[in-house]
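Read-outs throughout are calculated quantities, based only on the coordinates presented, and are distinct from any laboratory measurement. Computed from a prediction, not measured in an experiment: that's the story for all the values here.
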Amino acid sequence: MTSLDPTRPKWSQVAAILEQRIKDGTYPPQTALPGTVPLSNEFGVAPSTVAKAIADLKRRGLLTASPGWGTFVV
């Protein structure tokens, strides 16, 4: 489980970690992101926290959602 700083919002930390993974190639372009439940288990947060982080990354153009298929790296 990835440890998070308790003094900062968890969703923003999750978003920062996912953004770093996108930038370092852990999640290359056109790759499907793991689901919210596996990510929430990894980070030890609620699925809604992961969903908020993913929504932020979508808003910033790093991810795109394809209904019924998943969330993909742009």
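Where only DSSP H runs of four or more residues are counted, the chain gives -14500 deg cm²/dmol as its mean residue ellipticity at 222 nm, each run worth -39500 (n - 2.57). Express the Stokes-Einstein translational diffusion coefficient of the chain in µm² s⁻¹, to the nearest whole number, given a Kirkwood radius over alpha-carbon pairs, 10 °C and a viscosity of 1.306 mPa s. The calculation lands on 130 µm²/s. Per-residue extension of 0.36 nm, minus the Cα-Cα distance of Lys58 and Asn41, leaves a gain of 4.0 nm for this segment. At full extension, Ala32 and Asp5 could sit 7.0 nm farther apart than now, given 0.36 nm per residue minus the alpha carbon distance. Can you tell me the length gained on complete extension of the stretch Arg21 to Trp69, counting 0.36 nm per residue apart and subtracting the Cα distance? Contour length minus the Cα-Cα distance gives 15.2 nm.
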